[in-house]
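For reference, the structure is listed below as structure tokens.
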2 protein chains.
Amino acid sequence: MSELNAAARAALTAGHVAHLATINADGSPQVSVVWVGLDGDEIVSGHLDDRLKLRNARRDPRVVLSVENGVVNEWGLAEYLVVRGTARVTEGGAAPLLQQLAHVYLGPDTVFPPGSDHPPGYILRITPTKISGIGPWT
Amino acid sequence: MSELNAAARAALTAGHVAHLATINADGSPQVSVVWVGLDGDEIVSGHLDDRLKLRNARRDPRVVLSVENGVVNEWGLAEYLVVRGTARVTEGGAAPLLQQLAHVYLGPDTVFPPGSDHPPGYILRITPTKISGIGPWT
């Protein structure tokens, strides 16, 4: 595991979308944009349905996640965080996690997902192994 | 080739950084954040040095590039463009391209790269094969 410092943790919990790269069965890259949060030292995202990125992560847990934090540094460059990590997929808890993330991403009064009859879904959990990018995390 | 519509072309030429996913020799994903522009129907980025992403793209031209455009849609979701494509690397022209992109990314008066003695460098050129994401390009 590679420790996320306070700045990296802030970038991952402030409502910035994350670009998640996984590997398809044919070896090509797959990229999804997801909402993320932290559960202890794991970066988490919630998924009501079993999607390509989850199937990819089960088959090959090597993933990369990148996030812009909206900060432009003193040289005019946009800061960004790149986290290489090892993913695992757990079952259940997707809707409560999505609701928690929706409060960050959409607003404190948002009800999401809509309705009340949700499948258990899945949580993608990424343990960071390498941190890079431009910003106060390297 | 998959045609980039006007909205996609705007997202790729407005100074938004692009998250570029390539495949490492060991099959794992690699992500770099790069400046991009358009050269005809190819998405281009300039590189003074031969870097991992370029070696990856030569070995396996299957790449994915994703860009946020800073727009939040009517449902509160951040728009983003995902371009799956086929990459090729050409030699030369990196510094002029970087100077052109710096005018977009850093400002119209910026001199970049600094100095005048630059290596020919490389241009990564991506031909789009599939467009996805959230926004007026799907």
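Key figures
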quantity	calculated
Residues B:Asp41, B:Asp109 arranged by fewest to most Cβ contacts within 10 Å	B:Asp109, B:Asp41
Per-residue average of Cβ from other chains inside 10 Å of A:63-73	3
Separation of alpha-carbon centers, segment B:28-78 and segment A:100-118, rounded to whole Å	31
Charged-residue dipole, Cβ positions (Lys, Arg, Asp, Glu), chain A about Cα centre, Debye nearest 20	420
Ranking of B:Ser116, A:Ser132 by count of other Cβ atoms within 10 Å, fewest first	B:Ser116, A:Ser132
Around A:Gly46: net Lys/Arg minus Asp/Glu count, Cβ-Cβ under 13 Å	-2
Net length gained if the chain between B:Asp41 and B:Ser28 were fully extended (0.36 nm per residue, minus Cα distance)	1.9 nm
Ascending count of other beta-carbon atoms within 10 Å, so fewest first, for B:His118, B:His19	B:His118, B:His19
Whether segment B:6-134 is rounded, prolate or oblate, judged on the alpha carbon gyration tensor where a/c under 1.5 counts as rounded	oblate
Using a 7 Å Cα-to-Cβ projection, A:Gly92 label spacings across copies, nm, ascending	6.3
Among B:Thr86, B:Pro114, B:Val71 - extreme Cα towards positive end, dipole of segment B:6-134, charges at beta-carbon	B:Thr86
Distances in nm from A:His103 to the matching label points in the other copies, shortest first (labels 7 Å along Cα to Cβ)	4.8
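A short reminder: the numbers here are calculations on the coordinates, not readings from a lab. It should be emphasised that the depicted structure is a prediction, and the values quoted were computed from it without experimental measurement. We place every Cβ from the backbone using ideal geometry, glycine too, and count neighbours over all the protein chains shown.
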